[in-house]
Structures are given as structure tokens and as C-alpha cells.
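Heads up: the structure comes next, in C-alpha cells.
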Amino acid sequence: MERRRVTSHDVARRAGVSRATVSMVLNRSKAVVISAETRQRVLEAAAALGYRPNSAARMLVRGDTETIGLVVTDPQVLAVDGFVPQLLYGISQATSESGYRILLEGVEPGAGPHAYGELVEGRRIDGLIVLNPPTDAPQIHALIDQGFPLVLLGSVRHPREHAVNFSTRRAIRRSMDHLVGLGHRAIAHIGFSPPGFVATDARLNSYRESLRAHGIEPEDRLVAYGAFSAESGHRAMRELLDRGGARPTAVLAGNDTIALGAMAALTDAGLSVPDDIAIVGFDDLPFAALLRPALTTVRNPGVEQGRQAAQLLIRLLKGETVEQRRIALPTELVIRDSCGARRQPGNGNP
């Protein structure tokens with residue numbers, strides 16, 4: 001026989017209160033002051049009976065959906081990028097702990113100006129997390145101006161944005177200092193996406209600033225762009241090799257997925273990493289240490305970024321005061337074999 005569904009009436013009877021009190025406690029209503037003792041009695045009764053409030057009823061009572069929208073600004077990253085799953089895992093950890101669900105949405109390249117607002121206007125979500133927002137994102141600016149709960153994994157340079165990020169300039173500068181210190185001057189760069197994304201453009205600008213800081217003039221012929229996938233990194237590396245002029249001696253890849261493709265392209269071209277061309281990646285994905293040669297890369301804590309972004313958004317949804325609008329997580333250059341550092345005499349790096 002099918003077990004009878006537990007109702008709020010059952011909870012009320014066990015706790016010795018009215019159904020209205022049960023509703024107000026479980027829906028976190030602040031319309032009436034309820035004593036801590038009564039609130040605890042209701043929660044214990046609900047837990048003992050295994051009662052789960054109807055989500056549609058909660059929406060009617062509280063006016064929210066208990067759903068957070070996660071917007072990926074180019075859906076293809078879900079299929080090909082190795083960093084996004086780490087962010088998703090961190091976000092899901094925080095949301096499950098707080099009772100929120102995640103609604104994953106992708107914004108196709110060239111989508112109309114209302115791509116972000118449709119989620120909000122339809123009241124399908126209570127707040128938004130936007131991954132890698134594009135440089136030109138007027139509707140994100142508008143949502144921030146309106147005070148809608150929104151957290152960026154990245155930045156749109158809005159003075160009142162809430163964001164979780166890291167110092168791109170410091171991370172790239174550390175990588176470039178390392179490569180120049182190994183004697184490289186013809187250093188190429190492959191962006192992990194086409195230009196126009198904040199993170200991609202920021203890494204390119206930091207790469208150029210770092211070259212100039214070392215007295216090296218950047219060359220456009222040494223810059224190529226991927227499109228999130230390892231295949232695109234392979235294609236971009238072949239493009240760099242096919243261009244005229246002196247061949248680069250090192251490559252700074254926009255992320256580890258791009259670096260993976262670039263390394264394969266170099267092998268296909270009969271070149272050795274790092275003897276012919278050194279490679280440095282970005283993110284330190286789980287496969288980075290298992291490549292041969294093992295990949296030198298910037299360790300970027302993806303799981304923690306996702307967790308902190310979700311926690312920050314949940315605080316905004318609860319109406320808490322948030323003093324720190326921008327959270328900057330630390331990065332670390334992890335030196336392995338692909339840059340050739342271990343082959344340098346007297347090098348003390350592990």
C-alpha cells in the first residue's frame with residue numbers, strides 16, 4: 001500500500017499548534033512573532049514526520065522560488081571546458097546546504113539584450129550568478145542598478161557589483177616573470193575564448209603589460225584565440241606555428257584546456273615540450289599534473305570560487321549586510337615540467 005503523504009495538519013497536531021503556526025514557521029514568515037520554543041517544537045515535529053512543504057505553496061506564501069539562476073555566457077563551455085564543473089560543484093555545495101535549487105541557463109552568442117532579464121522578469125529565480133560575463137553587458141549593469149541580487153564570477157566593472165574573482169594581473173605577471181626568468185622572450189599567448197569576454201581580455205592585457213615591464217614589445221602575430229575547447233587550443237597553436245616570423249619559444253595558454261590542445265598540436269608538428277616550446281596553463285585542473293610533460297599552471301581554486309559566489313548571493317537574498325562586495329581569492333603558480341624549469345641547473349623548484 002502507498003504510504004499516506006504527511007500534511008501540515010499532522011505536524012500541527014504533533015507539535016500542539018495551529019496549522020497557521022506551522023505554515024509561518026516553515027515558510028520563515030516574519031508577519032507574527034513566534035517564540036523560539038514554539039518554532040523549535042514545530043521544526044522537530046516536521047523532521048520527525050518527514051514533512052516536506054509544497055514548493056508551490058511556499059512560493060505563494062513567501063513570494064520567492066528558492067531557486068538561484070546560474071547563467072553561463074556561452075553554453076558550449078558546459079561541453080568542453082574543464083573549469084566550469086569545479087565552479088558548479090562549489091555552487092551546488094553551498095545551495096544544497098541552504099535549501100536552494102540551481103536553474104542553469106545558457107546565453108547563446110549574439111543573444112538579444114533581454115537574455116538576462118527574462119529570467120528575472122518571469123520570477124523564475126530569486127537571484128543570479130553569472131559566469132564569465134561579456135565586456136558589453138548593459139542588462140547586467142541595469143540589474144545591478146535596480147538592486148537585484150546578483151553575483152558575478154568575473155566582473156563587468158560596475159562600482160556596485162558583487163563579485164568573486166582573483167587578481168588576473170598578479171597571476172599572469174607571476175607566470176610571465178617565470179618564463180622570462182627562464183630566458184624566454186618570444187612568448188605567445190592563446191586566449192581561452194574569442195575576444196570580448198572580460199576574463200579573456202584581462203588575461204591578454206596582463207600578458208602585454210608583463211612583456212612591456214620586461215622591456216619586450218608585444219607582437220600581434222604571437223596572439224591567437226581559442227574557443228573554450230582543447231580542439232580550439234590545438235587549432236590556435238597550429239595557427240601560431242603557421243604564421244611568419246620567428247617561432248615562439250614559450251606559450252602562455254588562457255587555461256589548462258587550451259594548453260592541452262596546444263601541447264597536442266606541438267607534438268603533431270614534431271616539436272618537443274619544453275625543449276622546443278615551453279607551455280604554461282591556467283587553473284590547475286585535475287589532469288594538469290597527469291599530462292606528460294606535467295603542466296606548469298596557475299592554481300585557481302574553482303570549487304571555492306563557486307562556493308563563495310553562492311554563499312555571497314544567499315546572504316544578499318536573506319537581506320544581510322555585505323561589507324565586502326568583491327572577494328579576491330589567492331592564486332599560485334605551480335611549477336612542473338612543461339616550462340622546462342626543472343631542467344635548469346640549480347633550480348630549486350619542486
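The values are calculated or read from the model by the stated rules, or taken from the named source; none is laboratory data. Bear in mind the structure is a predicted one, so any value in this text is a computation, not a measurement. Using ideal geometry, Cβ is built from the backbone for each residue, glycine included, and neighbour counts are taken over all protein chains shown. Accessible surface is based on the protein model in full, side chains and every heavy atom, while ligands, DNA and RNA are left aside. Shrake-Rupley method; radii C 1.70, N 1.55, O 1.52, S 1.80 Å.
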Report summary line: Picked from segment 144-156 (must be of a type outside the set (Val, Ile, Thr) and either in contact (Cβ under 8 Å) with a residue 40 or more places away in the chain or open to solvent by less than 10 Å² (accessible area, probe 1.4 Å) (or both)), the residue nearest to residue 302 (Cα to Cα) is 153
Query raised in the report: Hey, among the residues in segment 230-255 that are surrounded by fewer than 24 Cβ atoms within 10 Å (Cβ to Cβ) and over 18 Å from residue 267 (Cα atoms), which one's modelled with the lowest pLDDT?
Result: 244
Report task. Identify all residues within segment 46-60 that are closer than 25 Å to residue 311 by Cβ, modelled with pLDDT under 75 and not charged (D, E, K, R); write none if there are none. Result -> 53, 55, 59
**Report entry** Search result, residues across segment 294-319 that are open to solvent by 30 Å² or more (accessible area, probe 1.4 Å) and assigned to a loop (DSSP other than H, G, I, E, B)
**Finding:** 301, 318, 319
Query raised in the report: Do we find a residue being in a loop (DSSP other than H, G, I, E, B) and closer than 30 Å to residue 280 by Cα anywhere in segment 138-153?
Result: no
